[in-house]
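Trainee: To start, I am sharing the structure in question, which I have written as structure tokens.
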Amino acid sequence: MSGGSYYVPATSKWPVLGSLALGVMMIGAGMALVHGNGTIVMSLGLIGVLTVMALWFRDVVMESRQGLYDAQMDRSFRQGMGWFIFSEVMFFAAFFGALFYIRVFALPWLDGEGAKGVAALLWPDFSATWPLMSPPDPSVSGPREVMNPWQLPLVNTLILVASSITLTIAHEGLKESNRTACRNWLIATLALGFVFVIIQGVEYYQAVTHYGITLQAGIYGATFFMLTGFHGLHVIIGVTILAVMLVRILRGHFGGHDHFGFEASCWYWHFVDVVWIGLFLFVYVF
Amino acid sequence: MRKMLALMTGGGTLFGGASLAHANGWNMPVGVTDLSAEIYTLHMTIFWICVVIGIVVFGVMFYSLFKFRRSKGAKSAHFHENTTVEVIWTAVPLLILVGMAVPATATLQKMYDASDAELDVMITGQQWRWRYEYLGEDVAFNSNMSTPRAQITGEEERGEHYLLEVDEPLVLPINRKVRFLLTADDVIHSWWVPDFAVKQDTIPGFINENWVRINEPGIYRGQCAELCGMDHGFMPIVVHAMEEDEFDQWLVERKEAAEAEAMGVDREWEMDELMERGEQVYGSICASCHQADGGGSPPAFPGLAGNQELIDDVDWHIDVVLNGVSGTAMPAFRSNLNPVELAAVVTYSRNAWGNDTGDAVQPAEIVELLE
Amino acid sequence: MWGVIKSVLAAFFGVQKERQRRHDFEHGKPGAFILVGLLMAVVFVVVIAALAIYVAG
Amino acid sequence: MAPKLPPHHSLQHSSTTATAGGQVHDDHDHHPQPRGIMRWLLTTNHKEIGSLYLIFSLIMFFIGGIFALVVRAELFQPGLNLINPEFFNQMTTMHGLIMVFAAVMPAFTGLANWMIPLQIGAPDMALPRLNNFSFWLLPVAFTLLLSTLLMPGGGPNFGWTFYAPLSTTYAPPSTTFFILSLHIAGVSSILGAINIVATILNMRAPGMRMMDMPLFVWTWLITAFLLIAVMPVLAGVITMMLMDINFGTSFFDAAGGGDPVLFQHLFWFFGHPEVYIMILPAFGIVSAIIPTFARKRLFGYASMVYATASIAVLSFLVWAHHMFVVGLPLAATLFFMYTTMLIAVPTGVKVFNWITTLFRGSITFEVPMLFALAFVVLFTIGGFSGLMLAIAPADFQYHDTYFVVAHFHYVLVPGAVFSIMAAVYYWLPKWTGHYPSEILGKWHFWLSVIGVNLTFFPMHFSGLAGMPRRIPDYALQFADFNLVSSLGAFLFGFSQLIFVWVIIKCVRGGVKAPAKAWDGAEDLEWSVPSPAPLHTFETPPDFKPVQH
């Protein structure tokens, strides 16, 4: 399996600094949430995490450029990235699971249907609908209106699907060592991703100001914002990764057969895309 | 099969010791309902199956350990993998499990059938007491642990039913199917009486159903079974199961008492009366968090003695007691206590422990606020 | 295909003849086994769920 | 500015001499290691990181153990004697959290770090820097978690299962910090697991097929898969808690359309595989030790692999058996009862395999073997009570009583913890080059076995007699059982000091161990010298599979 030259880095200060920075960030986040005074600590931690990540990846890129990695190392990276994406899938699965459970079981029960329908005794005026406009307890105010899936969300769907296609073209270009094509299509992908984030921001603005959809607006608001919010965060991360790839392309990194960094970012982007399809279907349409 | 089950159950009684099978035992109680007895049988059946498997497996193991010691000159054999043996030790457990699943399924089906009940009791878990409501009968009361603090701290000798005694037990008739509707006001609790084999979580905002038909009159004790905060260990359940006519009579008396108290709402109450009733209510409802001396245990449970906010603003005080404080452990008591109790407990905490505001809140005022 | 299903069933049951196992591991495609395994797992879940729903009435 | 490369050693040029076993004799070509504390902070070596994990988990084992002893001291006799109920709840919660997330899991990860590369003939883990990151997240996470005990309102007090809404609306303010610390620990677990999967799939010595791997490697492969699949679900559910607490969402609040039971479904979807995460590697360890000291091959290697995989698959289908009394619909109860009962089959297969391996062996009773044998017996007892708990109607009586406490402690203490101890005794010669003291080890073993059974066996009885778990004070009929349990707990706790003594003594010296420290041992790790040099298998060994 191995040619006997698996690259084992000697020592590195990034792991321990990274975990410290993450700890600082979490402590700051906790202070901000609990005592309302941790924003600075959290920001310092975040900057630390980002810096460490940047320097750590810089080391990896340089080692790769030096030709220290062999085919076996490449497989390690591929498997690492693949399983990482699988873990992300499971993270989203938890939120989708919550959504389905609420819609299929909890709300009908509260409305008096199904095996546990006796719960309706506690909420005599409640009727289960999805999207849930009036939560069981009238003191929780639900959304006034919900998104029309066939407006901005549809546009965003098209944008994200298109970005997956442009990225694939960019990848094909790289495989054929056509760097210019790769660069141009990658820029197009980045632009699409960027527009997606902007539109999502506009949509959030509308949701909060016009439709009354907030985190506090019952379970509909909670699931809406948590699912789209975590997705949006992943889009931002994806855009950042692709931006780094663009810089690397511009610097002449990657060869036709030797570009796992680029490929991994493609995987990530497609994963983000697939999650959006799920969101579009189950958060917006149905 | 039936014979075998009976044999095993008999063995179980031997194992537990016939006299120990109840309260002081080593084993699950047989209980006083048909279902609890069925569950006991299931329990003993699976127990004896485990014992038999254990004897066989550990028998072979210890035989091997003894027989094939190297110090006795054992040379190791070289056999491994044998499809026949493996099929047997996969299939036989599978068959045993199917054999267990059949009676377990039958029992479950009966447990889940709460239809055709003759009496509905709503059980509400609260931090840290139970509230019982006889639906359609206008009878409702709270049930608090009545073991004195001094017994818990060891200053007094502990009684026979230490931690398993309440001020007002749930009263049920025997030989009638009683349906329980279980819910909670704050966190998840679990209502459990071992002798009925009823253990059911109470989920805030949802209702669970369960039922019981008690075969023998008596007093049955249980405890909250789901961690529900500080005093989880101190919210026992006591059920007083009565003959049917005795129960009917009890229910009539309770209804009359409730009506009498409702009448008291309209009249003017004396300070002394309010303080006396208030101390009683405070002791059973409030003292577990705010402490008997009103000192509380901050920050979770603020002290009431010398609490300036409370002393200054009677309306705020009444509002907190009636409606609770959202996002904290302070529940709304508007539907858990009657107007007399509410007025009395507010009056009491405004005048006890040196608060001395002199305010006497009248039940009539509360009635007005509740409407 | 039938051979793959039989092998997956054997794996579910946990018993397989040594010769067949070696044959599977040396000649079978892992992808086929994983796919059939996943499908059979779904079938397994559906069967038990159907049984439970049927018994629950 | 010319890019400054991180230090590395290039293996292509190392003039090493590989012996038949494939080990490396000299490491003169390696860059100088940082000394002192920096060596441990910056290391990327799987053996050093493995040691860090093991030391960390040992420390946490004692901290979690002290919490348990506080609990047992309070329960020594009826009444509130030492601590108040609020602190009691914090102690039970912290005991559970620390033991699960900071003691048992890191111990297994530490063993994986040390042994997987050695057992598959790899030079290191697949991603060595990530490996170090995974470790150093743990001290950060658990320092934060332990610090919540000192925060206003106290630490987590809602049990290690932290059911909402007790852990959201009714929780102390420190809960936010508890959630964040668990996030860090989760990241550590996921990254560690990814590393292990990549190592096993990608780094095996040439010629080693999947079905040639030692069972410890197999069980860890499956465990790592479980970790990657379920730790993110835990991250999801604690994020929902965080939002409910701080941002007014209503995931677990019926008033807004949520459901407290949703928390339990998500938690146990993580939690049930999690308990197998804590036992599958133990199966692997025992499957290595028993054949070694019975001097006979494992009876059914393939069926062990299948059984492990079956248990893993089933673990995703049984989560709600922890929730039989929350009021599931009948069909759901039946489904989860049936699937849970099925788990007994592959688990039984494992036990039968171990026992058939003993049959007609040539058995000796060194300390690792003693722990492994105690594992088989006591874990099986825990399995029996598990089977009883699977019967849903009976579970209505057992649930949330000391019977359950007895059950999972039998599976986790003489199960998982004993297997870790067995592994330590088994591999200490490889780690230190010395045999651990046989006499002290036997003292440690017998006191532990007696202590464990004194502690946990009476809990079956107190539970059946009706004692709920997680209560700081109890009715008088439970007094005798609790007295015995408390005495047993202190015996078990203090006998672990012998364990520490054994380890320290063994690190400092003792009878020298040869490369193959146990004469019945077969796997690759026994082909490198004892103690294993810092770098092993830089040239992959020539692996000759045993004909299965």
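Trainee: On the given criteria, is A:Leu33 closer than 26 Å to A:Phe77 by Cβ, within 10 Å of another protein chain (Cβ to nearest Cβ) and under 27 Å from the mean Cα position of the chain (by Cα)?
Mentor: Spelling it out, it is not the case that A:Leu33 is closer than 26 Å to A:Phe77 by Cβ, within 10 Å of another protein chain (Cβ to nearest Cβ) and under 27 Å from the mean Cα position of the chain (by Cα).
Each row is one residue, and each column tells you yes or no for (1) charged (D, E, K, R); (2) part of a helix (DSSP H, G or I); (3) at pLDDT 95 or above; (4) under 19 Å from C:Ala49 (Cα atoms).
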residue	(1), (2), (3), (4)
D:Phe269	no, yes, yes, yes
D:Ala288	no, yes, yes, no
D:Lys296	yes, no, no, no
D:Ser310	no, yes, no, yes
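Trainee: Based on what the data block shows, is D:Gly327 within 14 Å of chain A (Cβ to nearest Cβ), over 24 Å from D:Phe461 (Cβ atoms), crowded, with 22+ Cβ neighbours inside 10 Å and small (Gly, Ala, Ser)?
Mentor: yes
Trainee: Which one of the conditions (1) in contact (Cβ under 8 Å) with a residue 40 or more places away in the chain; (2) in a helix (DSSP H, G or I); (3) more than 14 Å from every other protein chain (Cβ to nearest Cβ) does D:Pro436 fail to meet, given that it meets all the rest?
Mentor: (2)
Trainee: Sticking with this structure for a sec: Are there helices (runs of 4 or more DSSP H) fully within chain C with at least 1 residues that are modelled with pLDDT of 85 or more? List them.
Mentor: C:30-56
Trainee: Turning to a different aspect of this structure: Would you check if D:Thr239 is more than 9 Å from every other protein chain (Cβ to nearest Cβ), hydroxyl-bearing (Ser, Thr, Tyr) and either under 30 Å from B:Ser326 (Cβ atoms) or within 27 Å of the chain's Cα centre (by Cα) (or both)?
Mentor: It is false that D:Thr239 is more than 9 Å from every other protein chain (Cβ to nearest Cβ), hydroxyl-bearing (Ser, Thr, Tyr) and either under 30 Å from B:Ser326 (Cβ atoms) or within 27 Å of the chain's Cα centre (by Cα) (or both).
Trainee: May I ask you to verify whether D:Ile471 is in a helix (DSSP H, G or I) and farther than 22 Å from D:Thr292 by Cα?
Mentor: In short, no.
Trainee: Can B:Ser76 be described as small (Gly, Ala, Ser) and within 7 Å of chain D (Cβ to nearest Cβ)?
Mentor: yes
Trainee: Can you pull out the residues in the range D:128-146 that are facing chain A (nearest Cβ under 9 Å), in contact (Cβ under 8 Å) with a residue 12 or more places away in the chain and either surrounded by fewer than 24 Cβ atoms within 10 Å (Cβ to Cβ) or not aliphatic (A, V, I, L, M) (or both)?
Mentor: Once the filter is applied, which keeps residues that are facing chain A (nearest Cβ under 9 Å), in contact (Cβ under 8 Å) with a residue 12 or more places away in the chain and either surrounded by fewer than 24 Cβ atoms within 10 Å (Cβ to Cβ) or not aliphatic (A, V, I, L, M) (or both), the range D:128-146 yields D:Pro128, D:Arg129, D:Leu130, D:Asn131, D:Asn132, D:Phe133, D:Ser134, D:Phe135, D:Trp136, D:Pro139, D:Val140, D:Leu144.
Trainee: Only one residue in D:Ile190, D:Ile184 is crowded, with 24+ Cβ neighbours inside 10 Å and either touching a Lys or Arg at 6+ places or on another chain (Cβ under 8 Å) or in a helix (DSSP H, G or I) (or both). Which one?
Mentor: After ruling out the rest, the residue left standing is D:Ile190.
Trainee: Something else about it: Could you please find all residues in the range D:519-547 being more than 30 Å from D:Val413 (Cα to Cα) and buried (at least 17 other Cβ atoms within 10 Å of the Cβ)?
Mentor: Result: D:Ser527, D:Val528, D:Pro529, D:His535, D:Thr536, D:Phe537, D:Glu538, D:Thr539, D:Pro540, D:Pro541, D:Phe543.
Trainee: Please verify whether B:Asp293 is touching a residue at least 40 places away in the same chain (Cβ under 8 Å) and surrounded by fewer than 15 Cβ atoms within 10 Å (Cβ to Cβ), treating the condition exactly as stated.
Mentor: Spelling it out, B:Asp293 is indeed touching a residue at least 40 places away in the same chain (Cβ under 8 Å) and surrounded by fewer than 15 Cβ atoms within 10 Å (Cβ to Cβ).
Trainee: Could you check A:Ala119 against (1) part of a helix (DSSP H, G or I); (2) touching a residue at least 24 places away in the same chain (Cβ under 8 Å) and say which number it fails?
Mentor: Status for A:Ala119: all satisfied but (2).
Trainee: Which one is nearest to D:Ala302 (Cα to Cα), of the residues in the range C:6-26 that are under 13 Å from the mean Cα position of the chain (by Cα) and loosely packed, with under 15 Cβ neighbours inside 10 Å?
Mentor: C:Leu9
Trainee: I'd like to check something: does the range A:242-260 contain any residue that is surrounded by 17 or more Cβ atoms within 10 Å (Cβ to Cβ), free of Cβ contacts under 8 Å to residues at least 60 places away in the same chain and assigned by TED's automatic domain parsing to the domain that holds A:Thr168?
Mentor: Yes, that holds for at least one residue.
The rows are residues; the columns are (1) within 7 Å of another protein chain (Cβ to nearest Cβ); (2) of a type in the set (D, E, K, R); (3) assigned to a loop (DSSP other than H, G, I, E, B); (4) under 25 Å from A:Leu192 (Cα atoms).
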residue: A:Ser76; (1), (2), (3), (4): yes, no, no, no
residue: A:Ser87; (1), (2), (3), (4): yes, no, no, no
residue: A:Gly97; (1), (2), (3), (4): yes, no, no, no
residue: A:Val104; (1), (2), (3), (4): no, no, no, no
residue: A:Arg144; (1), (2), (3), (4): no, yes, yes, no
residue: A:Ser164; (1), (2), (3), (4): no, no, no, yes
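Trainee: Right, next: Of all residues in the range D:147-162 being touching a residue at least 12 places away in the same chain (Cβ under 8 Å) and in a helix (DSSP H, G or I), which is farthest from the other protein chains (Cβ to nearest Cβ)?
Mentor: Ranking the qualifying residues of the range D:147-162, first place goes to D:Leu149.
Trainee: Within the group B:Glu156, B:Glu137, which residue is part of a loop (DSSP other than H, G, I, E, B), closer than 30 Å to B:His240 by Cβ, in contact (Cβ under 8 Å) with a residue 60 or more places away in the chain and not assigned by TED's automatic domain parsing to the domain that holds B:Leu337?
Mentor: From the options B:Glu156, B:Glu137, the qualifying one is B:Glu137.
Trainee: Related question: Of (1) in contact with a strand residue (DSSP E or B) (Cβ under 8 Å, 6 or more places away or on another chain); (2) assigned to a helix (DSSP H, G or I), D:Phe133 satisfies all except one. Which?
Mentor: Just one mismatch for D:Phe133, condition (1).
Trainee: For the subset of the range B:79-122 comprising residues that are of a type in the set (Gly, Ala, Ser) and at the interface with chain D (Cβ under 7 Å from one of its Cβ atoms), which member is farthest from B:Asn210 (Cα to Cα)?
Mentor: Checked the range B:79-122; the qualifying residue farthest from B:Asn210 (Cα to Cα) is B:Ala101.
Trainee: Any chance you could count how many residues in the range A:48-106 are in contact with a His (Cβ under 9 Å, 6 or more places away or on another chain), more than 20 Å from A:His234 (Cβ to Cβ) and aromatic (Phe, Trp, Tyr)?
Mentor: 1
Trainee: Follow-up. Considering each of A:Ala120, A:Ala54, A:Ala93, A:Ala32 in turn, give the residue that is under 30 Å from B:Gly136 (Cβ atoms) and either crowded, with 20+ Cβ neighbours inside 10 Å or aliphatic (A, V, I, L, M) (or both).
Mentor: A:Ala120
Trainee: For the structure I just gave you, tell me whether A:His210 is part of a loop (DSSP other than H, G, I, E, B) and either over 15 Å from A:Asn156 (Cα atoms) or modelled with pLDDT of 95 or more (or both).
Mentor: Criteria not met by A:His210.
Trainee: If you scan the range D:242-267, which residues turn out to be part of a loop (DSSP other than H, G, I, E, B) and within 11 Å of chain B (Cβ to nearest Cβ)?
Mentor: D:Gly248, D:Ser250, D:Phe252, D:Asp253, D:Gly257, D:Gly258, D:Asp259
Trainee: Another one. Might you let me know whether the range D:359-371 holds any residue that is more than 7 Å from every other protein chain (Cβ to nearest Cβ), without any contact (Cβ under 8 Å) to a residue 40 or more places away in the chain and either over 28 Å from B:Lys67 (Cα atoms) or crowded, with 24+ Cβ neighbours inside 10 Å (or both)?
Mentor: No, the conditions are met nowhere in the range D:359-371.
Each row is one residue, and each column tells you yes or no for (1) assigned to a helix (DSSP H, G or I); (2) surrounded by fewer than 18 Cβ atoms within 10 Å (Cβ to Cβ).
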position	(1), (2)
D:Phe481	yes, no
D:Ser486	yes, no
D:Val500	yes, yes
D:Val507	yes, yes
D:Ala517	no, no
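The values are calculated or read from the model by the stated rules, or taken from the named source; none is laboratory data. Small disclaimer: the values here were computed from a predicted structure and weren't measured. We place every Cβ from the backbone using ideal geometry, glycine too, and count neighbours over all the protein chains shown.
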